[in-house]
Amino acid sequence: MNLRTIVWIIALLPPFSPATARELTVDSSITEVTVYSDRALVSRQAQVELQVGEHSYLFDNLPARIDGDSLQVSGAGGAELRDVRHKTVFLSDSPDPTVQTTKMELEKLQDKQRELADQLDQAEAAKTFVKGMTAHLTSSSVKQRPLQWDTQKWQSMLNFYREKLAILDQEIRTTLAKQRDVKKDIERVSRKLAKLEPGKREKHQVQVVLRASKALPSELVLRYIVHGPSWQPVYDLRVNGNGKSLQLQYGAKIRQNSGEDWRQVALQLSTAKVNVSGTAPELQPWRVAPMPPPVRLRRQGIMKKSMSKPSTTREAAPAPLRPTIQAPPVTVHAQASSVLFAVGGRNTIAGDNNDHKVTIALHNLPAQFRYEAVPKLSPYAYLKAKINNNTEFPLLPGISQIFYDNQFIAKSRLKFVAPGESFWADLGVDESIKVERKRIKKYQKEQGVFSKETQWVYRYEINLKNRKGSPAKLIVHDQFPLSGHKQIKVALLKPNYVKDTDGLKKNAMNFLQWHLELAPGAEKVLTLEYAVSYPQGMVVQGLE
């Protein structure tokens, strides 16, 4: 069978005896990775020299979270695939050389730790001996001979005592410092060993058995799913200070701790829902049965009724056989929310469970800018942009970082945006637009002769100023109260509203919008005035 690319389906091949195959561990490297929301499809490539006959090739030290049901093998050459199988090997039966080397390193460090402990004990004992000897020589016991007050001898003894203690103290300090270093090394090597021997201290392998009718070079590609890796979209929105352009950097944060580093790989990011089994589900018979009568249970002389529930009976059926070789979809789906991104160049993602950021695309998007202010709640004007997604791919929900003239402003969040759709992005505060709201007047009036009413009148002023060197479109939001009782009347006095216009809008909740365009350096004052009337003696809540 001479094909450039061969995909072998194991389920179609006749059985064989792996004991007859000559096993060889191959040197493989990761060439491609497709990352999904909670897993990754990894492609490993190995070059082999096929010889006539049947041979077993071993991909060794694979990740612990490999999915054995997701194996896929392909290759170029004229060989027949006889078998592919996933094996779990316990290290106690077949020790990994790396584990054994690490264990020997740990044992040497533990021996060094014990040696330093002995040295410390000896130095402490010598120090105790020197102190004891000095105390004995200087003792004034009556049974001893009278002390000889030879100053030269005493000076020599004192010098000996001090020098010896200084040497011992230095030795103790040095030994303690070495102990600390060895302890750190033991902790480091222990962590390394724990990573090499997780859980049950096992490793994973994939065995590929080929039969060749003639000697020839061949390429083996092993693909498998590994659980755990993930990615999420992130965005940088960069606004030019002149308010005329916006640059979108579409990126991704990738995280993985599969146990292997992805070095210089072709990287793809997919939003597809991975179906590892590759088998369509089958419907089972669905029957509806009458509810059985209550069953009385007698226990310790007490009658109890069991509360039975309607049950749905399903006819048992054998589970469908799973294909030996399966792979997740890696093409762009028709749905806008499912897409495959090919990240340019070669990328390295370490298996350290840290976030690694890659750039998917960089686009200058058409945008319309405006400011919005809610002076009742905040004294700032907020810059917003209406952006058109003119790219060929959707913008997925994710965190966006906002930069204004290369200065970080704030973080926001983008919602899903399909190609061709527009969306509003919050771009943070711009203090060059001044916004100030203050209450000018609040007074009470009594009105009516026979049925007297209490009326409160409120007046506010909103001062706006554009301190930019360019015009600024601004929407100002405010409100006046809603009546919560038929005897409470609320009237808007200013502004004079009849119906919605381009400059003034009001909705059913008494929210007001002023639509303005302020020239550079322009100032404007908006007035909000309203009256609230209710029967005298009524206690009203909610007024300012």
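Worth a mention:
- Residue match in the range 513-526 (condition: in the same structural domain as residue 442 (by TED's automatic domain parsing), surrounded by 15 or more Cβ atoms within 10 Å (Cβ to Cβ), in contact with a Phe, Trp or Tyr (Cβ under 8 Å, 6 or more places away or on another chain) and over 23 Å from residue 440 (Cα atoms)): no
The rows are residues; the columns are (1) in contact with a strand residue (DSSP E or B) (Cβ under 6 Å, 6 or more places away or on another chain); (2) under 28 Å from residue 73 (Cα atoms); (3) at pLDDT below 85.
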residue	(1), (2), (3)
181	no, no, no
186	no, no, no
189	no, no, no
194	no, no, yes
198	no, yes, yes
202	yes, yes, yes
209	yes, yes, no
214	no, yes, yes
222	yes, yes, no
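- With respect to the conditions (1) more than 21 Å from residue 203 (Cα to Cα); (2) at pLDDT below 80; (3) surrounded by fewer than 19 Cβ atoms within 10 Å (Cβ to Cβ), residue 52 falls short on a single one, namely (2).
- Across the range 370-407, the number of residues qualifying as closer than 23 Å to residue 473 by Cα, modelled with pLDDT of 85 or more and not β-branched (Val, Ile, Thr) comes to 19.
- Strands (runs of 3 or more DSSP E) contained entirely in the range 214-259, each with at least 2 residues that are surrounded by fewer than 21 Cβ atoms within 10 Å (Cβ to Cβ) and at positive phi: none
- Pairs meeting the criteria (first residue in the range 257-269 and closer than 19 Å to residue 196 by Cα, second residue acidic (Asp, Glu), beta carbons under 8 Å, at least 6 apart or on different chains) are 257/352.
- Scanning the range 57-88 for residues that are in a strand (DSSP E or B), crowded, with 19+ Cβ neighbours inside 10 Å and not aliphatic (A, V, I, L, M) returns 57, 59, 70, 72, 75, 77, 82, 83.
- Selection count, the range 322-365, where residues are in a loop (DSSP other than H, G, I, E, B) and at pLDDT 50 or above: 12
The values are calculated or read from the model by the stated rules, or taken from the named source; none is laboratory data. No experiment lies behind these values; they were computed from the predicted model shown. Here the Cβ is made from the backbone with ideal geometry for all residues, glycine too, and neighbour counts use every protein chain on show.
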